[in-house]
């Protein structure tokens, strides 16, 4: 599992989201819930804990 496997955005999309948030006086981080699918990450760990595996094919590509 790669560190960026659960990002919601590609790098160019994230750069655009950061600029948009900044223009609105907000902050977005690569590490926060706005940029990551924490629900899918959690489910991956649940499935791994139950079955000892998680298919890479079940994890949607982020790029």
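The values are calculated or read from the model by the stated rules, or taken from the named source; none is laboratory data. Here the structure is a predicted model, which means the values were calculated and not measured. A quick note on method: Cβ atoms are made from the backbone with ideal geometry, for glycine too, and the neighbour counts reach across all protein chains shown.
Computed quantities for the displayed model
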| quantity | calculated |
| --- | --- |
| Pair list, Cβ under 6 Å, 6 or more apart: region 19-37 residue modelled with pLDDT of 95 or more, other residue surrounded by 12 or more Cβ atoms within 10 Å (Cβ to Cβ) | 21/28 |
| Region 32-45, residues that are loosely packed, with under 14 Cβ neighbours inside 10 Å and within 11 Å of residue 8 (Cα to Cα) | 32, 33, 38 |
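One line per residue, one yes/no per condition, for (1) part of a helix (DSSP H, G or I); (2) modelled with pLDDT of 90 or more; (3) surrounded by 12 or more Cβ atoms within 10 Å (Cβ to Cβ):
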| site | (1), (2), (3) |
| --- | --- |
| 4 | no, no, yes |
| 15 | yes, yes, no |
| 50 | yes, no, no |
| 57 | yes, no, no |
| 62 | no, no, yes |
